[in-house]
Amino acid sequence: MKIEDEEILQRLLELSKNGKSKQERIRAHAIILSNEGKKSHEIATIFDVTQRTVFQWFKKFKAMGMDSLVLQQGRGRKNKLSAEKDLEVIKKYIEEYPHQPRKAYALTLAEIDVSVCYNTYKSFLKKYSL
């Protein structure tokens, strides 16, 4: 990949050194290395990723520019229990059965119609100090 614009190269260099996340720095550095003539399989070896991943970085960079280097919102696993929807129901049963958390768990699952394991339920309780 050849980049002619010096301003973009400077921004990439700056991002590769001072980017917010490690992923941003790696992607920017990979594009700089490609611009310097490194082959995609060499870049993949340097960053311990597949060659396909390197091609995806390049494709996104061509399509989106500098915005492609930043992590996108909405990635990662979503929570099964949400504070907005389920907190009131869980709180109701925990207050009703404070010494019987398994009973509160069973009643909560019956009402909210979500399948979660007991450990997930306990983690949710701990997170919201219930």
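Structure summary
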read-out: Every pair of residues 6+ apart whose Cβ atoms lie under 8 Å, when the first sits in segment 3-29 and is farther than 15 Å from Gln72 by Cα while the second is acidic (Asp, Glu) and part of a helix (DSSP H, G or I); value: Leu15/Glu24
read-out: Matching residues, segment 17-46, being surrounded by 15 or more Cβ atoms within 10 Å (Cβ to Cβ) and hydrophobic (A, V, I, L, M, F, W, C); value: Ile26, Ala28, Ala30, Ile31, Ile32, Leu33, Ile43, Ala44
read-out: Any chance Thr50 is surrounded by 13 or more Cβ atoms within 10 Å (Cβ to Cβ) and among the polar types (S, T, N, Q); value: no
read-out: Helices (runs of 4 or more DSSP H) within segment 1-100 that include 3 or more residues of a type in the set (Gly, Ala, Ser); value: 22-35
read-out: Residue match in segment 1-24 (condition: modelled with pLDDT of 90 or more, under 19 Å from the mean Cα position of the chain (by Cα) and either of a type in the set (Val, Ile, Thr) or not assigned by TED's automatic domain parsing to the domain that holds Gly65 (or both)); value: no
read-out: Yes/no for Gln56 being out of contact with any Gly (no Cβ under 7 Å at 6 or more places or on another chain), free of Cβ contacts under 8 Å to residues at least 40 places away in the same chain and within 30 Å of Phe124 (Cα to Cα); value: no
read-out: Looking only at segment 101-125, and only at residues there that are within 23 Å of the chain's Cα centre (by Cα) and part of a helix (DSSP H, G or I), the one that is surrounded by the fewest Cβ atoms within 10 Å (Cβ to Cβ); value: Asn119
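The values are calculated or read from the model by the stated rules, or taken from the named source; none is laboratory data. On a predicted model such as this, the values are computed, not experimentally measured, just so you know. Neighbour counts are summed over all protein chains in view; Cβ atoms, including those assigned to glycine, are modelled from backbone coordinates with ideal geometry.
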